[in-house]
Amino acid sequence: MNRRVLVQADAFDAGAEITRLRESSAEVGGIATFLGVVRDINEDDTVSGLYLEHYPGMTESQIDDIITEAASRWQVLAATVIHRVGALAPNDEIVFVGVGSRHRGDAFDACEFIMDFLKTRAAFWKKEQTTDGSRWLTTRASDVDAASRWDA
């Protein structure tokens, strides 16, 4: 399986990443992607910025483990996860998850699985800047519930 895990401050080109997945194998028949974007509102507050920190080395390893688990459940031929860190503004792209598989069902399921576990298992810390000041964000119960549905 072709995999790519990047944690970076720089912006990325989602179109180029889709092309990379497509070109990873002639067996790829379906590609599912998720593109996360920084919102300008959260919990009824206006968000002016988001700052992300991570634990270098550990975060990438955790993401790689999530991809490995997805590949053990579905026929994943290629997977890419790019997560940005540092200072971001509303409408900036924050995360890209892409999965290439022989069939769309495996690609959709694996992509959703990877995203659900990025929210609950990967070591990222997020601090929002709002009109009322800044606050560190915690994992939402809805994210934990989404990930728990994959329990076997």
Legend entry - Exclusive hit being part of a strand (DSSP E or B), among the basic types (Lys, Arg) and at pLDDT 95 or above, set 22, 3: 3
Inset, instruction - Output the qualifying pairs, or none if there are none: Cβ atoms under 6 angstrom, residues six or more apart or on different chains, first residue in region 69-83 and more than 16 Å from residue 25 (Cβ to Cβ), second residue part of a loop (DSSP other than H, G, I, E, B) and modelled with pLDDT of 95 or more. - result: 82/12
Legend entry - Residues located in region 143-152, provided they are within 16 Å of the chain's Cα centre (by Cα) and modelled with pLDDT of 85 or more: 144
Inset, instruction - Considering each residue of region 13-53, count those that are under 15 Å from the mean Cα position of the chain (by Cα) and among the hydroxyl-bearing types (Ser, Thr, Tyr), and give that number. - result: 1
Inset, instruction - Can you tell me which residue among 114, 94 is surrounded by 22 or more Cβ atoms within 10 Å (Cβ to Cβ), within 15 Å of the chain's Cα centre (by Cα), closer than 24 Å to residue 20 by Cβ and among the aliphatic types (A, V, I, L, M)? - result: 114
Legend entry - When residues of region 45-60 are limited to those that are assigned to a strand (DSSP E or B) and among the hydrophobic types (A, V, I, L, M, F, W, C), the one surrounded by the fewest Cβ atoms within 10 Å (Cβ to Cβ): 47
Inset, instruction - Determine, yes or no, whether residue 79 is surrounded by fewer than 19 Cβ atoms within 10 Å (Cβ to Cβ) and in a strand (DSSP E or B). - result: no
Inset, instruction - May I ask you to list pairs of residues, at least six apart or on different chains, whose Cβ atoms are under 6 Å apart, with the first in region 37-59 being farther than 13 Å from residue 89 by Cα and the second being surrounded by 14 or more Cβ atoms within 10 Å (Cβ to Cβ) and among the aromatic types (Phe, Trp, Tyr)? - result: 54/124
Inset, instruction - Output the number of the condition that residue 128 fails; it satisfies all remaining conditions of (1) part of a strand (DSSP E or B); (2) more than 21 Å from residue 39 (Cα to Cα); (3) more than 11 Å from the chain's Cα centre (by Cα). - result: (2)
Inset, instruction - Report, ordered by the first and then the second residue, all pairs with beta carbons closer than 9 Å, sequence separation of six or more or different chains, a first member in region 1-26 that is within 17 Å of residue 63 (Cα to Cα) and touching a residue at least 60 places away in the same chain (Cβ under 8 Å), and a second member that is part of a loop (DSSP other than H, G, I, E, B) and among the aromatic types (Phe, Trp, Tyr). - result: 6/12
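The values are calculated or read from the model by the stated rules, or taken from the named source; none is laboratory data. No experiment lies behind these values; they were computed from the predicted model shown. Cβ coordinates were reconstructed from backbone atoms using ideal geometry, including for glycine residues, and neighbour counts include every protein chain displayed.
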